1. Once the piece of chain linking Arg303 and Leu164 is laid out straight, how much longer is it, given 0.36 nm per residue of separation minus the C-alpha distance between them?
2. Wrap a convex hull around the Cα atoms of the range 1-87, take a quarter of its surface area, and give that in square nanometres.
3. Per 0.36 nm of contour for each residue apart, how much would the distance between Ser368 and Ile453 grow if the chain were fully extended, relative to their Cα-Cα spacing?
4. Divide by every residue of the chain the summed helix terms, -39500 (n - 2.57) for each DSSP H run of at least 4, and state the resulting mean residue ellipticity at 222 nm, rounded to the nearest 500 deg cm²/dmol.
5. Under Stokes-Einstein, with the Kirkwood radius over Cα pairs standing in for Rh, what whole-number D in µm²/s applies to the range 316-370 at 37 °C and 0.692 mPa s?
6. Which of the peptides 212-220, 254-262, 367-375 is most tightly packed, and how do the rest follow, judged by the mean count of other Cβ atoms within 10 Å per residue?
7. How big is the Kirkwood radius of the range 31-249, worked out from every pair of different alpha carbons and given in Å to one decimal?
8. So for the range 121-163, what percent of the C-alpha to C-alpha distances run longer than 18 Å?
Amino acid sequence: MGHSKEDMQQFESSSIVSGPKGLNVSIPGDKSISHRSMIFGLLSRGTTTVKGLLEGDDILATAEACRKLGAKIIRRDDGVWEVTGVGVGCLSTPHSALDFGNAGTGSRLMMGVVAGHPITATFDGDASLRSRPMKRVLDPLMEMGASVEFEIDDRLPCKLSGTLNPMPKSFKQKKASAQVKSAILLAALNTPGEVTYIEPIPTRDHTENMMRGFGANITVTPLEGEEGQQGGNKIVVTGEKQLTAQDIQVPSDPSSSAFIIAAALIVPDSDIIIENVLMNETRIGVITTWLEMGANIEIMNERLSGGEKIADLRVQYSELKGVSVPAERAASMIDEYPILAMTAAYATGKTHMQELDELRVKESDRLSAVYNGLIANGVKAEIIGDDLIVHGGAVQGGGIVETHLDHRIAMCFLILGLQAQTAVAIDDGTMIATSFPEFLDVMNAFGAKIKGI
């Protein structure tokens, strides 16, 4: 699943006069829940059915890894996926490397799965994933008894050997990370005893929700007093309980929805409805921020589906104003800071986004990529420590953005070009398929002028 220069294709996005009115938009399934649907299907007894799965490259890589570990996975003609699992404790040793392509979430979650089983697997990925650090995920897994061999520093490829009896441990993270948390909790499923994880502030809790839904023995207790001043949680998993297959309906991905929301906010006359959006409180910090900026976003038809909150969103063109985004909001919008920065470029005044160090270890150094892309297109921006400050106003455009094989950077700057004075170009857009394969189709329906160059 490598990505070579020969595969690259440049795109550019030009300004449009007005946006659509009355457009109903369907967004692909949530990426986080799609990854976990495959993984929990693997770890369950019986056949899990998944409707609305995001069929992007990242999820397909996770599905293939689950097959190599013993699951039987098929896609029915009606688009429903069936995952027949092997159960906790019964994984097979894969005969070839688990190649996750660009899927950072899939690879890191699967490290937790493998670490909790007496098997050895080689993890690999594309050039982007090979550049990303894995130490902070693997360190706690090694404390539980796993071992790892790297070829270079703490980067992929690596060989991970799990353990027959994962050690019950207690972990207290100084830095909130949903991926680290999820890897530990997945390893805990095969642990003879309790594993405790304390997070300083709440991070996305899809792993906990789905563990509960599949029958794991898990408790989540809000912290009190000094330890949990920011609303952290104590999570306890008692392992060696078998999971039972479930029927899953995947809601629309709020991270993918954010690109379309941003387009509607900055293009005059836009008035759209995005259907069935996941509204988990740990995922909607960017919506909270846009509302503070004066965005016309109406949350409609709120309801529950599979234990998760979903809603329809009506989004209209808005005259935005700059705001200061508090550091504690990062956990609920870490993937959305880049697209927030695009809308901040069109806002009145400056937008100050605080403590974005987590952005430096994503598919690329997103903090630098966003800053460099904004500067290349005539937007005044600053990086101070790990803070990003964007000064709003007219966007000049005309720059070519280096995407660093990062799907979110590519989509962000195509959105920026929708109101720029001169077209905004990106050096590659092929990797958009990893998370939002329908992006260009949706943007065409929106009326965007995006073309390959």
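Bear in mind these aren't lab numbers, they're just calculated from the coordinates by the rules spelled out. What you see is a predicted model; the values in this text were computed from it and never measured. FYI the Cβ positions are ideal-geometry reconstructions off the backbone, even for glycines, and counts take in every protein chain you see.
1. Fully extending the segment from Arg303 to Leu164 adds 45.8 nm.
2. Result: a mean projected hull area of 8.6 nm².
3. Extra length from Ser368 to Ile453 when fully extended: 28.1 nm.
4. Rounded to the nearest 500, it is -8000 deg cm²/dmol.
5. 279
6. Going from most to least packed, we get 254-262, 367-375, 212-220.
7. 17.1
8. In whole percent, the share of Cα-Cα pairs in the range 121-163 beyond 18 Å is 19.
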